[in-house]
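Accompanying notes for the structure given below.
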Amino acid sequence: MNRSQALQHIEELSGKGELEEATHLYALIVIDHISDAAPKELLRCHTPEELSAWIRRNALAWQAKLSKEEFAEQFEVGHGSAHGCTEQMLSCIDYEFSLDLLTSRASRTNQTAPSQG
């Protein structure tokens with residue numbers, strides 16, 4: 001699955017209401033990281049638990065970088081938002097779905113990368 005197919009798939013599932021907002025958000029983040037120079041730590045995720053740990057560290061890093069208001073707006077966390085707190089957002093992510101995106105994009109990227117020899 002290429003980047004545009006992955007994005008279309010994510011948006012299609014989200015439009016049908018089949019993706020929780022937190023999964024939608026982090027699926028887009030995973031796709032963007034794979035499309036760019038993905039952090040090596042992200043590419044080492046082979047289980048939902050490993051991806052969960054990476055996403056938790058990523059969310060906490062964003063929380064440290066952004067103001068409380070910016071973080072709440074970007075991640076839809078806080079009073080009146082989709083999620084009451086960061087922990088609630090993290091508990092709503094479908095890590096298996098996100099891992100499937102990660103592995104399908106990573107394998108596609110590796111297949112199309114020029115070989116070094």
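Values as computed for the structure displayed
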{"read-out": "Solvent-accessible area per residue, Å², over the range 1-77 with all protein chains present [probe radius 1.4 Å]", "value": "59"}
{"read-out": "Accessible area of the range 1-62 belonging to carbon and sulfur atoms, whole % at 1.4 Å probe", "value": "52"}
{"read-out": "Mean Cβ count within 10 Å, highest first, over the residues of peptides 43-49, 6-12", "value": "6-12, 43-49"}
{"read-out": "Amide H contacts under 5 Å for Asp94, placed H, 5+ residues apart", "value": "Thr23"}
{"read-out": "Interchain or long-range residues, amide H under 5 Å from Cys85's placed H", "value": "Gly78"}
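The values are calculated or read from the model by the stated rules, or taken from the named source; none is laboratory data. On a predicted model such as this, the values are computed, not experimentally measured, just so you know. Heads up, the Cβs are rebuilt from the backbone with ideal geometry, glycines too, and the neighbour counts pull from every protein chain shown. The accessibility values were calculated without ligands, DNA or RNA, using every heavy atom of the protein model including side chains. Shrake-Rupley method; radii C 1.70, N 1.55, O 1.52, S 1.80 Å.
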